[in-house]
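A quick write-up on the structure given underneath.
The values are calculated or read from the model by the stated rules, or taken from the named source; none is laboratory data. Every value quoted in this text rests on a predicted model; they were computed, and no experiment measured them. Here the Cβ positions follow ideal geometry from the backbone for every residue, glycine too, while neighbour counts run over all protein chains shown. Just the protein is used for accessible areas: all its heavy atoms, side chains included, with ligands, DNA and RNA removed. Shrake-Rupley method; radii C 1.70, N 1.55, O 1.52, S 1.80 Å.
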Amino acid sequence: MIRLYDTLRREIRPLAMRDEGKLSLYACGPTVYDHPHLGHARQALTYDVIRRYVEWTGIDVHHVANVTDIDDNIIDRANREGSTEPEVAATWEAVYDTAMDALDILRPHDRPHATEYVEQMVAFIETLVGNGSAYVTYSGVYLRVHAVDDYGALVHRSVDELREGAGARIEVDDTKEDPLDFALWKAAKPDEPTWPSPWGPGRPGWHIECVTMSLDVLGDGFDLHGGGSDLVFPHHTNERAEAIAAGRDFARHWMHNAMLNIGGEKMSKSLGNFTTIQDLLDEHPLNGRALRLLLLQTHYRKTMEINPDVMAKARAGIERFDAMARKAAAAGVSITGAEPDAAAVDAFRAAMDDDLGTPEAVATIFETVRRANAALDDRDEAAAGLVATVFDLAGALGIRVGDRGADDAPDDDDDAGIDALVAARTAAREAKDFAEADRLRDELTARGILVEDTPDGPIWRRR
RNA sequence: GCGCCGGUGCCCGAGCGGCCCAAGGGAACGGCCUGCAAAGCCGUACAGUCGCGGGUUCAAAUCCCGCCCGGCGCUCCA
């Protein structure tokens, strides 16, 4: 049984499932109008890992993530580029998908789009207006926050405390009864796309889409809702308020991943200190896998720093996995049918079940790598089981081992030339002409190729 | 200001009352292996104050109080 920290109750508790053997998970997805950055990667990866792990334990997961394809930023961009909102959204959703694919992040099972749900959102808002928890002004429809008893529960703040902050930081809109009240529906403004509604043309507010879509796709009382910690307030607080005000049973468990820091500050769009996923990927072929390893080596609820130094170290970790895979392959060890190491698997599960303890889980895998290498060196028959364990556990976290295929663009012509050089070097070594052998190795090194001599013959790879 | 989270070796980062004179990764050093390497394995040095000061306890990195420092939220934000 997995235990997870619940943001609402502020404690680690069992992740109960509404339907036995099936986990319903909703993670807030991207607003598509620009390059996704490393912070988006951490968010998506957190939920990718919980999904992969839960599936690995034999439980079905229904993973849903929305795509926000209409909002202020999209409208701005469309207006600036003389484009249209659907075009902007489609363009950047594709970019987002490419980046996530490159990070081995599985696509959610369902990806509802806000613009496909406007009618349902309108119906939802009608319910809220109908039962008196929302009101209509000339600028839109607003949720009456004091209609919700424990409004600030998720952020652990009283309505008064929140209002104090709001009064100081937000421009008070005199059409609202309370500064904390927030828009469910925004009345049409010039140069904006609109949809019809009982309150006139306009567009939905930010939070209403997630409530409507999560409840529609997963149903009332779904298991787990997550997102970045910066969404706790106002986004998730407001989603929850909408559901409660509508008398719906919302998420039973809330989880939030921590932020990424760069130079001691939160990586964010507004600060402009972000690295895009694509830029990181372009820097080094191993970066995709290295980023996953790096992120997994820190607990998801802990703020972490990301910089070139820690990326390089993570790459070294990936190389360690790959080296074991090469060694196993060279020794002809087959993992099919091999019995995994029970102690390692147990330790791995114990770590993961305790609030997604990926740092410890990764430590267990590295420990198994060391044992596997030792067994391989000793030609010990236990090697196959240990290697199989590494592949199995790494797979449960989405870490590809030994597969550089997707990282290196294959180049058959080039490969033939390299093979020839390696063969020439082997011949020189057999003739004890070590000067020539070393010269050939230097030549290969100059081409970015690393040659390793093993008892089973030389192998080479790009670095 | 209010709320939340964190400060652990050279670096990153687990641990959260006894199994900790503190996991794992990276870097360093020594040995084995190698023609030499690389990779791997074995070993060593780093945490003698686990931010600082009190307290609780037979026992604290782990609990409580105060302080210092950093981050996040209170605004679009993953």
Quick calc, the stretch A:307-396, dipole around Cα centre from Cβ unit charges on Lys, Arg (+) and Asp, Glu (-), nearest 20 debye, gives 440
Projected onto their principal axes, the Cα atoms of chain A stretch, largest extent first, over whole-Å spans of 90, 51, 36
Once A:Thr194 and A:Ser334 are pulled to full extension, the length gained, defined as 0.36 nm per residue separation minus their Cα-Cα distance, is 44.4 nm
Any residue on another chain or 5+ positions along whose placed amide H is under 5 Å from the amide H of A:Asn261 is listed here as A:Met267, A:Met304, A:Glu305, A:Ile306
So the carbon and sulfur contribution to the accessible area of chain A, 1.4 Å probe, in percent, is 49
The ³J(HN,Hα) series, computed from each phi in the stretch A:359-371 with the Karplus coefficients 6.51, -1.76 and 1.60 at θ = phi - 60°, rounded to the nearest Hz and given as x for glycine or proline, is x, 5, 4, 5, 4, 4, 5, 4, 4, 5, 4, 4, 5
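Which loop trypsin sites (Lys or Arg not before Pro) in the stretch A:326-381, with loop taken from DSSP, have no more than 11 other Cβ atoms within 10 angstrom of their Cβ?
Here the trypsin sites (Lys or Arg not before Pro) that fit, given the DSSP loop and packing criteria, are A:Arg379.
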To the nearest 0.05, the calculated FRET efficiency linking A:Asn79 and A:Leu271 through their beta-carbon distance, R0 being 25 Å, is 0.55
Two pseudo-spin positions, 7 Å from Cα along C-beta at A:Glu161 and at A:Thr175, lie apart in nanometres by 3.2
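Can you show me the helix-derived [θ] at 222 nm for chain A, built from DSSP H runs with n ≥ 4 at -39,500 (n - 2.57) apiece and divided by the number of residues, rounded to the nearest 500.
Working: 15 runs with 211 residues, N = 463.
Computed ellipticity for chain A at 222 nm equals -14500 deg cm²/dmol.
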Given 37 °C, 0.692 mPa s and a Kirkwood radius over Cα pairs, the Stokes-Einstein diffusion coefficient of the stretch A:98-199 in µm²/s is 201
Packing-ranked peptide list from A:386-393, A:247-254, A:136-143, highest mean Cβ count within 10 angstrom first, is A:386-393, A:136-143, A:247-254
For the pair A:Arg107 and A:Lys22, the simple spin-label estimate (label points 7 Å beyond Cα toward Cβ) gives in nm 2.2
The whole-number value in µm²/s of the Stokes-Einstein translational diffusion coefficient for the stretch A:412-462, with Rh from the Kirkwood sum over alpha carbon pairs at 25 °C and 0.890 mPa s, is 226
Chain A accessible area per residue, 1.4 Å probe, protein heavy atoms, integer Å², reads 44
Here the relative contact order (percent) of the stretch A:3-261, from C-alpha pairs under 8 Å and at least 6 apart, is 24
Under the Karplus relation with 6.51, -1.76 and 1.60 and θ = phi - 60°, whole-Hz ³J(HN,Hα) for the stretch A:107-116, x at Gly and Pro, equal 5, x, 5, 9, 9, x, 9, 3, 5, 7
Honestly the stretch A:307-396 on the Cα gyration tensor test (a ≥ b ≥ c root eigenvalues; a/c under 1.5 rounded, otherwise a/b vs b/c for prolate or oblate) is just oblate
For the stretch A:226-238, in residue order, the Karplus 3J(HN,Hα) values (coefficients 6.51, -1.76, 1.60; θ = phi - 60°; whole Hz; Gly and Pro = x) are x, x, x, 5, 6, 9, 3, 9, x, 4, 5, 4, 6
Given A:36-42, A:350-356, the highest-first ranking by average Cβ count within 10 Å works out to A:36-42, A:350-356
If every Lys and Arg gets +1 and every Asp and Glu gets -1 at its Cβ, then about the Cα centre chain A yields a dipole, in debye to the nearest 20, of 900
Residues whose modelled amide H sits under 5 Å from the amide H of A:Leu23, counting only those 5 or more places away in sequence or on another chain, are A:Asp60, A:Val61, A:His62
